[in-house]
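Bear in mind these aren't lab numbers, they're just calculated from the coordinates by the rules spelled out. Quantities reported herein were computed from a predicted structural model and do not represent experimental measurements.
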Amino acid sequence: MKPRAKASALIWGLILALGASCGDSGASQGGSIATSVTVFVPFDPDDASMEYSATCEPNGSDAVETQGTVERAGGFQLEGEPLTAIFRGSIELGLGPCGIQFRLRDAQGEVIWTLSESFELDTQLSSELYFAMVDFPCPEIPLPDASVTPKRFCGPAGGIMLSAETPAATSSIESVHYVLTSTSDIFLEPLALYEGSLEPAGQGAVDLGGGPIETNLWESIPGVVPVDAPFALEISALDADGIVVCATETRLDVLPTAIAQAHVVLPCPVP
């Protein structure tokens, strides 16, 4: 059995994009909050499963205990390097100090890797937790100013995670598309290298200044990872005929030792 891996959980709330705060799904209920959890595993755990157990102690309330599983959600792979697997899920956690343990089991049900971390949730807003099952301490990256997006944080290998929010009231949106265009000086002109679709990922909420509105969440984890390259990222919301309803652009810097994440709120018209 492998020794317990050490890691730093990177806990961060809402990224401000386009001048507005945004985040994953998770309206709080009774002192708890739906928290998006992502776990990176620096190898390919073929046919493996991951379970968790968590205990939180909300101030002035009874302890909140929860357990379940997080599901395999693809991975990153650099040329000549092993795959970094990704497990993701949404967990209902109590506000206040929490402890969580992840257990990676092989196809025979034997625990082959464990990770235990403590953290604290102190907001009624949506939260995201990131963990890395690595053999060395993964240093926590200080959060940039809230208005800066995308963010980078430490992980076992380079990778890209994209997510977006569209107003739920804009019912004409049928799909969300992304294009990564290289802006490197080695090309004489911009070159579109990667494109694809973001998949539906539940519901969220965003405050655009007039109070929170419901949103639809979209996300993608591109399997092909460009290394040491600056990119222009364009994300577009399309209707059923493929016509752009709204779009936005940002910059994305990809490094071989970090995972770049861009999360944007698309400026779609709200009826």
> Whose amide H sits under 5 Å from the amide H of V64, counting only residues 5 or more places off or on another chain, with H placed in the peptide plane?
Replying inline: C56, E57
> Rounded, prolate or oblate: which fits region 159-265 when a ≥ b ≥ c are the square roots of the eigenvalues of the alpha-carbon gyration tensor, with rounded for a/c under 1.5 and prolate only if a/b beats b/c?
Replying inline: prolate
> If you stretched the chain out fully between S61 and T257, how much longer would it get, using 0.36 nm times the residue separation minus the C-alpha to C-alpha distance?
Replying inline: 66.5 nm
> What are the residues whose amide H is under 5 Å from the amide H of Q203, where those residues sit 5 or more places off or on another chain and H is modelled from the backbone?
Replying inline: L217
>> Just to check I understand the Karplus step: with θ = phi - 60° and J = 6.51 cos²θ - 1.76 cosθ + 1.60, what whole-Hz values come out for region 250-263, glycine and proline as x?
In response: 8, 9, 9, 9, 10, 10, x, 10, 9, 10, 8, 10, 10, 10
